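Some notes on the structure that comes next.
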Amino acid sequence: MRIAWATDIHLNFLNEQKRETFFHSTLEHNSDAVFITGDIAEAPTLSFHLQEMVEFIQQPLYFVLGNHDYYYGAITSVRNATEKLCVSQQNLTYLTGNRVIELTKKTALVGHDGWGDGRLGNIEQTSVRLNDFRLIEELTGLEYRKLIGKLRELGDEAAALIQDTLSNALDTYDHVIFLTHVPPFKESCWYEGRVGNDDWLPFFTCKAVGDVLYELMKCRTHSRLTVLCGHTHNEGIAQILPNLRVVTGSADYGVPHVQEVLEID
Ligand SMILES: [Fe+2]
């Protein structure tokens with residue numbers, strides 16, 4: 001099985017011709033399905049772009065959402081609308097939830113958006129303030145202490161869900177692929193060839209999810225986990241454990257590309 005993976009494609013910044021050029025590029029690799037690890041568009045246009053893409057490629061599209069997908073909207077309503085859309089589109093699968101998708105007899109797919117949960121780096125001292133905090137309803141207008149609490153809550157929610165889903169998948173399959181938007185480890189938070197600094201780490205890593213992945217894989221030495229993520233727009237590979245590999249994809253606004261073609265047996 002061949003999968004074309006892309007991340008942070010920000011389709012809302014492209015005109016129709018450029019979007020079609022990108023969709024076409026995902027098909028040039030003779031892939032059987034496409035993975036997208038978030039930041040697909042923004043809330044007002046997300047459903048339109050997902051539908052347009054899946055109708056164009058005519059093959060299964062598995063995805064999670066990124067922080068930009070909630071801009072000018074709310075996390076809860078965007079997730080609900082996306083779930084609803086996927087019910088009506090046979091080839092469209094939003095992985096956040098508890099889905100375990102069998103790709104082959106040996107390999108399964110799971111996913112969760114994840115969230116920059118504020119636990120790594122120095123959230124107390126950083127002067128970084130993301131657009132998330134004024135463009136996503138649940139994060140808008142929160143006093144800084146409350147904002148930190150909300151980021152942690154979002155990370156914990158992702159971690160709890162993925163713990164159950166991933167455990168189930170690892171009970172049955174030798175290899176699991178986990179799609180998420182936010183890098184789960186400091187070592188996977190790439191920026192220009194090195195790890196992001198303490199000012200950015202709080203918002204570009206989801207430690208709660210990383211802790212779950214690490215604990216699960218530490219004692220399952222016969223299973224293998226591949227994590228695909230984005231969010232930093234900078235690529236790199238981190239081997240966290242012999243059986244836990246995290247690949248972070250690159251991106252440039254306006255020129256989305258296929259990051260990698262995965263061959264799965
Ligand atoms: Fe992002």
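In the stretch 83-95, what residues are surrounded by fewer than 14 Cβ atoms within 10 Å (Cβ to Cβ) and either within 16 Å of the ligand (Cβ to nearest atom) or not polar (S, T, N, Q) (or both)? Those that are surrounded by fewer than 14 Cβ atoms within 10 Å (Cβ to Cβ) and either within 16 Å of the ligand (Cβ to nearest atom) or not polar (S, T, N, Q) (or both): E83, K84, V87. Selection of the stretch 1-21 for residues being of a type outside the set (S, T, N, Q), assigned to a helix (DSSP H, G or I) and surrounded by fewer than 19 Cβ atoms within 10 Å (Cβ to Cβ) yields F13, E16, K18, E20.
A quick yes/no check of all residues on (1) surrounded by 24 or more Cβ atoms within 10 Å (Cβ to Cβ); (2) in contact (Cβ under 8 Å) with a residue 40 or more places away in the chain; (3) in contact with an Asp or Glu (Cβ under 8 Å, 6 or more places away or on another chain); (4) not hydroxyl-bearing (S, T, Y):
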residue	(1), (2), (3), (4)
D199	no, yes, no, yes
C206	yes, yes, yes, yes
T248	yes, yes, yes, no
H257	no, yes, no, yes
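The single condition among (1) out of contact with any Ser or Thr (no Cβ under 9 Å at 6 or more places or on another chain); (2) more than 16 Å from the ligand (Cβ to nearest atom); (3) at pLDDT 95 or above that K186 does not satisfy is (1). Residues of the stretch 197-240 that are among the hydrophobic types (A, V, I, L, M, F, W, C), within 16 Å of the ligand (Cβ to nearest atom) and part of a loop (DSSP other than H, G, I, E, B): W200, C206. When the test is whether a residue is modelled with pLDDT under 95, surrounded by fewer than 16 Cβ atoms within 10 Å (Cβ to Cβ) and either more than 27 Å from E235 (Cβ to Cβ) or not small (G, A, S) (or both), N80 does not pass it. Looking only at residues of the stretch 25-44 that are small (G, A, S) and within 19 Å of the chain's Cα centre (by Cα), we find that the one that is nearest to L85 (Cα to Cα) is A43.
Residues of the stretch 49-79 that are within 16 Å of the ligand (Cβ to nearest atom), part of a loop (DSSP other than H, G, I, E, B) and either free of Cβ contacts under 8 Å to residues at least 12 places away in the same chain or hydrophobic (A, V, I, L, M, F, W, C) (or both): L65 alone.
Out of curiosity, is V261 away from the ligand (no atom under 14 Å from the Cβ) and crowded, with 24+ Cβ neighbours inside 10 Å? So V261 fails the test. Kindly establish whether D252 is within 16 Å of the ligand (Cβ to nearest atom) and out of contact with any Phe, Trp or Tyr (no Cβ under 7 Å at 6 or more places or on another chain). Taking the combined requirement at face value, the residue satisfies it. Within the stretch 97-112, is there a residue that is modelled with pLDDT of 95 or more, within 17 Å of F204 (Cβ to Cβ) and not in a strand (DSSP E or B)? The answer is yes, given that some residue of the stretch 97-112 is modelled with pLDDT of 95 or more, within 17 Å of F204 (Cβ to Cβ) and not in a strand (DSSP E or B). Checking each residue of the stretch 168-179 against the condition of being within 16 Å of the ligand (Cβ to nearest atom), crowded, with 24+ Cβ neighbours inside 10 Å and in a helix (DSSP H, G or I) gives no match.
Looking only at residues in the stretch 127-157 that are touching a residue at least 60 places away in the same chain (Cβ under 8 Å) and either within 15 Å of the ligand (Cβ to nearest atom) or small (G, A, S) (or both), the one that is farthest from Y70 (Cα to Cα) is S127. Scanning the stretch 3-41 for residues that are away from the ligand (no atom under 13 Å from the Cβ), of a type in the set (V, I, T) and closer than 22 Å to E263 by Cβ returns I3, T26, V34.
The values are calculated or read from the model by the stated rules, or taken from the named source; none is laboratory data. Quantities reported herein were computed from a predicted structural model and do not represent experimental measurements. A quick note on method: Cβ atoms are made from the backbone with ideal geometry, for glycine too, and the neighbour counts reach across all protein chains shown.
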